[in-house]
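The values are calculated or read from the model by the stated rules, or taken from the named source; none is laboratory data. Source: prediction; values computed, not measured. Ideal geometry is used to build each Cβ from the backbone, glycine not excepted, and the neighbour counts take in all protein chains shown. To get the accessible areas, we keep the full protein, side chains included, count just its heavy atoms, and leave off ligands, DNA and RNA. Shrake-Rupley method; radii C 1.70, N 1.55, O 1.52, S 1.80 Å.
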Amino acid sequence: MSNAYARFFVPETPNSPLTSSSYLRLGAYSVGEEEIVTDLISTSDNNSTKHESDHAGILAFTQKDFQVTAEGASLMRIGRGHTTEVRNGDARYKVLNGAYEISAQNDVSISAGADGTAGNISLTASHYEQTTKGDVSETTHGNSTRTTNGSAMEIYNGARVTCVQGANVITAVGLSVAAFLGGAISIGAGYNLSISCGGNCSIRFLFANALTIGNEFNKVTGNMTRIIGGYNVQVADSDIRYVKKTYLKVVDDADVKRVKLDGTWCETRVQVADAQVQIGQMSSDQHQVVDRVCEVESATGRYNTQNWRTLLYL
């Protein structure tokens, strides 16, 4: 009885083939069914074992619509894989009042588009939660847009590497706070431009180092104030300063300067000193008019030479 079967055959016309009929067969494979079987292959054991059907069991075929209505529950248990193919048209699965659950012991694969045809995947939910207990790999061959109408938080418990081969534009309309509890290294191979329309405040603790290999230009259109609580040491090959109006320097303690050549060109010079000490090997002064008023003047030296054309004592 291994080849026994029973079938129910309703043809479209008395002479219609199986492909133009409604056909139901129970039992072994029957001759003439090669044109109505699916020839689909199912897999099992983590997609490693392929199962080709021997077409025995139950075979149902109709060239019309296939409808099943169950007012109660629909229970189905499949032992060796499950394959469904929709050749023409869309496939829809709706749960009007309840939850839809997909559970697989191994893998879950969803693909849209085949044979070079573009396809889209759309997910819509009131709450979306994703948990991955392993690695995540995401590749986008096109543009990527993400819009969040609310707050967003990202937490990384390991290293994070971001590589941008094109332009990187970040626009923040509100407050932007960046906190680095460890070291921070920024390397730019090109030009770096920073524009702040509201102001810029930088607070640093311990120490700060800046190295510029090349030229550096700073321009301040308003006032500039620097307050240094310790030493201010500057080392330069040349120092040139140009002041259009007033240059004022106030030193509460000592002002010590050591130079090889000290030259000053000025129209009017005013110097007020409680005590003045000058020590040198040679001093040369050239003046057209000298007006000196002293209460007490004392001069001590080994040699004194004076050359005058006219000497007037009053």
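For every residue, the table says whether it meets (1) under 60 Å from the mean Cα position of the chain (by Cα); (2) open to solvent by 100 Å² or more (accessible area, probe 1.4 Å); (3) closer than 27 Å to residue 254 by Cα.
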{"position": "268", "(1), (2), (3)": "no, yes, yes"}
{"position": "273", "(1), (2), (3)": "no, no, yes"}
{"position": "278", "(1), (2), (3)": "no, yes, yes"}
{"position": "288", "(1), (2), (3)": "no, yes, no"}
{"position": "291", "(1), (2), (3)": "no, yes, no"}
{"position": "296", "(1), (2), (3)": "no, yes, yes"}
{"position": "301", "(1), (2), (3)": "no, no, no"}
{"position": "304", "(1), (2), (3)": "no, yes, no"}
{"position": "310", "(1), (2), (3)": "no, yes, no"}
Top-ranked residue of the range 173-202 - restricted to ones that are among the hydroxyl-bearing types (Ser, Thr, Tyr) and open to solvent by 90 Å² or more (accessible area, probe 1.4 Å), ranked as nearest to residue 220 (Cα to Cα):
194
Residue match in the range 134-146 (condition: over 30 Å from residue 119 (Cβ atoms) and assigned to a loop (DSSP other than H, G, I, E, B))
no
Return yes when residue 167 is part of a loop (DSSP other than H, G, I, E, B), open to solvent by 90 Å² or more (accessible area, probe 1.4 Å) and aliphatic (A, V, I, L, M) and no when it is not.
yes
The strands (runs of 3 or more DSSP E) lying entirely within the range 1-117 that contain at least 3 residues which are under 50 Å from the mean Cα position of the chain (by Cα), touching a residue at least 12 places away in the same chain (Cβ under 8 Å) and under 30 Å from residue 133 (Cβ atoms) are 41-44
Hey, residue 128 hits all of (1) within 30 Å of residue 92 (Cα to Cα); (2) open to solvent by less than 100 Å² (accessible area, probe 1.4 Å) but one; which does it fall short on?
(2)
